[in-house]
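What follows is a set of notes on a single structure, which appears directly below.
What follows draws every value from the coordinates through simple rules; no lab data is involved. All values derive from a computational prediction rather than experimental measurement. Cβ coordinates were reconstructed from backbone atoms using ideal geometry, including for glycine residues, and neighbour counts include every protein chain displayed.
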Amino acid sequence: MDTLLLEQLRALIGRTLSYSGHHCRIIEILERENALVLRCEDSERVIQGNQFGEATRRVKLTHTLPLFDHHQSLNPVICSWLES
């Protein structure tokens, strides 16, 4: 991932937007995985497991969006958020 794109993505952290019918907030960039993490602000809390699969706490639903498609083009959904 190039430096300019990474800076643009970092500017999105904390921004609220609509995704998959939910009111979401961008909470993290996973650089190694080339992904963006969204937290659904309007969803019920779901059970989150720890690294061993044991239920440990309730959290808001999250989505992890890949930054790039299989052609290595920027995800069009993310691209539209960068343009607005």
query: Roughly how many debye, to the nearest 20, is the charge dipole of the stretch 3-83 about its Cα centre, given +1 on each Lys and Arg Cβ, -1 on each Asp and Glu Cβ, and no other charges?
result: 300 debye
field: Extension gain (nm, one decimal) between S18 and N34, 0.36 nm per residue minus Cα-Cα
entry: 3.7 nm
- prompt: Hey, if you drop one equal point scatterer on each alpha-carbon of the chain and run the Debye formula without solvent, what base-10 log of I(q)/I(0) do you get at q = 0.12, 0.25, 0.26 Å⁻¹?
  reply: -0.39, -1.26, -1.31
